[in-house]
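What follows is a short report on a single structure.
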Amino acid sequence: MTDFNILGNSGCDLKICHNNGVATVIKSTNDVYYLERLKFQHDKQKVFSKNNTLREVTTPEIINEVCEKTRYSFEMEFVNSLDFLSFIERADINDVYKAIDMIVEYIDINIKLSCMQTIGKDVIFNKYLNVKNIILKNGILGFADIFADFENRVKKLDNSINIPIGSCHGDLTLSNILINKKKIVLIDFLDSFIESPLIDIVKLRQDTKHAWIFNMVDFNVDYIKSIIALEKIDNYIVNHFEKYNFYEYYAIFQQLNLLRIVPYAKQPSIIAFLNNELEKNIDYS
């Protein structure tokens with residue numbers, strides 16, 4: 001057996017193993033605070049694989065899991081795929097739209113299977129306060145106007161809002177969407193403070209509108225071509241999902257989503273990027 005390690009995010013490590021010509025991926029953590037979360041990711045991926053009815057949307061098959069007191073890991077098949085940015089560079093725009101259609105269909109199905117439920121706006125505000133306190137505790141400055149804007153948006157909300165609660169990927173960024181033989185391969189499912197397909201729309205537009213994905217790649221890309229393609233994709237996504245009444249809450253959820261990335265940002269340039277994207281959407285009315 002030959003293998004090599006990849007440093008993962010959020011306390012996880014990835015190891016690609018080769019055994020008798022068969023490649024697998026082992027995702028693991030020794031972080032006791034992350035054991036349950038990684039276990040939840042495993043379960044979420046397995047449930048999707050079991051219940052998935054879409055022929056063109058798939059996920060790597062899980063082969064094995066190991067639960068220990070101070071370590072958790074699961075092994076899955078290695079799928080030889082193309083990352084989404086590379087796909088955008090190489091593909092015809094019509095093929096890009098076909099791929100987005102598959103992703104949109106995946107979200108639409110989850111919306112249909114969800115139940116519209118009422119949640120108190122305090123759920124959103126309490127999550128925001130937690131994120132704000134971490135940002136301030138970490139000594140990250142320059143977000144005062146953004147905090148004020150978010151708090152003002154919350155005040156304008158009804159005490160309760162209706163959104164779909166149900167299955168979602170949880171981290172449906174373009175980084176977690178691979179292309180394999182014209183199929184979509186979803187990886188790195190994640191838990192969310194609210195399990196809702198709205199979160200998947202937010203995560204998707206984190207890349208298509210805010211171009212966060214360029215902070216995640218370490219290879220050269222055709223930036224101009226990619227930005228033009230992402231803008232077209234984003235317009236397509238908005239035109240599709242704005243028909244849903246709950247889409248009116250997209251803006252505040254996206255604002256919270258971008259804020260929650262700030263404490264994890266290590267480089268001043270990334271913090272400045274997030275600050276700039278959040279300031280673009282401040283409501284000065």
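The values are calculated or read from the model by the stated rules, or taken from the named source; none is laboratory data. Quick caveat, the model's predicted, so the values are computed rather than measured. Because the Cβ atoms are built from the backbone with ideal geometry, glycine has one as well, and the counts that use them run over all protein chains shown.
Among ARG71, ARG37, which is surrounded by 16 or more Cβ atoms within 10 Å (Cβ to Cβ) and either closer than 21 Å to SER167 by Cα or at pLDDT 90 or above (or both)?
ARG37
Within the set of pairs 6 or more residues apart or between chains, which connect a residue that is more than 10 Å from ILE135 (Cβ to Cβ) and at pLDDT 95 or above inside region 250-269 to a residue that is in a loop (DSSP other than H, G, I, E, B) and hydroxyl-bearing (Ser, Thr, Tyr) with Cβ atoms less than 8 Å apart?
none
Residues VAL238, VAL202, VAL217: which one is surrounded by fewer than 16 Cβ atoms within 10 Å (Cβ to Cβ), among the aliphatic types (A, V, I, L, M) and part of a helix (DSSP H, G or I)?
The conditions single out VAL238.
Looking only at region 223-234, decide whether some residue is under 26 Å from MET116 (Cα atoms), without any contact (Cβ under 8 Å) to a residue 60 or more places away in the chain and either under 16 Å from the mean Cα position of the chain (by Cα) or not in a helix (DSSP H, G or I) (or both).
Yes.
If we scan region 147-168, do we find a residue that is within 11 Å of the chain's Cα centre (by Cα), surrounded by 16 or more Cβ atoms within 10 Å (Cβ to Cβ), modelled with pLDDT of 95 or more and not polar (S, T, N, Q)?
So far as region 147-168 goes, yes, one or more of its residues are within 11 Å of the chain's Cα centre (by Cα), surrounded by 16 or more Cβ atoms within 10 Å (Cβ to Cβ), modelled with pLDDT of 95 or more and not polar (S, T, N, Q).
Kindly indicate the residue of region 78-120 that is more than 19 Å from SER196 (Cα to Cα) and acidic (Asp, Glu) and also surrounded by the fewest Cβ atoms within 10 Å (Cβ to Cβ) among those meeting that condition.
Of everything passing the filter in region 78-120, ASP92 is surrounded by the fewest Cβ atoms within 10 Å (Cβ to Cβ).
Within region 117-146, work out how many residues are more than 23 Å from the chain's Cα centre (by Cα) and hydroxyl-bearing (Ser, Thr, Tyr).
Residues in region 117-146 being more than 23 Å from the chain's Cα centre (by Cα) and hydroxyl-bearing (Ser, Thr, Tyr): 1 in total.
Restricting to region 20-32, and then to whatever is assigned to a strand (DSSP E or B) and under 22 Å from ASN180 (Cα atoms), can you tell me which residue is modelled with the lowest pLDDT?
Ranking the qualifying residues of region 20-32, first place goes to VAL22.
Is it the case that region 261-282 has a residue that's surrounded by 15 or more Cβ atoms within 10 Å (Cβ to Cβ), in a helix (DSSP H, G or I), more than 18 Å from the chain's Cα centre (by Cα) and β-branched (Val, Ile, Thr)?
There is at least one residue in region 261-282 that is surrounded by 15 or more Cβ atoms within 10 Å (Cβ to Cβ), in a helix (DSSP H, G or I), more than 18 Å from the chain's Cα centre (by Cα) and β-branched (Val, Ile, Thr).
Could you pull out every one of the helices (runs of 4 or more DSSP H) wholly within region 33-147 that has 3 or more residues that are in the same structural domain as ILE237 (by TED's automatic domain parsing) and either touching a residue at least 12 places away in the same chain (Cβ under 8 Å) or of a type in the set (D, E, K, R) (or both)?
84-90, 93-113, 121-137
Yes or no, residue by residue, for (1) over 17 Å from ILE140 (Cα atoms); (2) of a type in the set (S, T, N, Q):
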{"residue": "TYR236", "(1), (2)": "yes, no"}
{"residue": "PHE241", "(1), (2)": "yes, no"}
{"residue": "TYR250", "(1), (2)": "yes, no"}
{"residue": "PHE253", "(1), (2)": "yes, no"}
{"residue": "LEU256", "(1), (2)": "no, no"}
{"residue": "ARG260", "(1), (2)": "no, no"}
{"residue": "GLN267", "(1), (2)": "no, yes"}
{"residue": "ILE271", "(1), (2)": "no, no"}
{"residue": "GLU277", "(1), (2)": "no, no"}
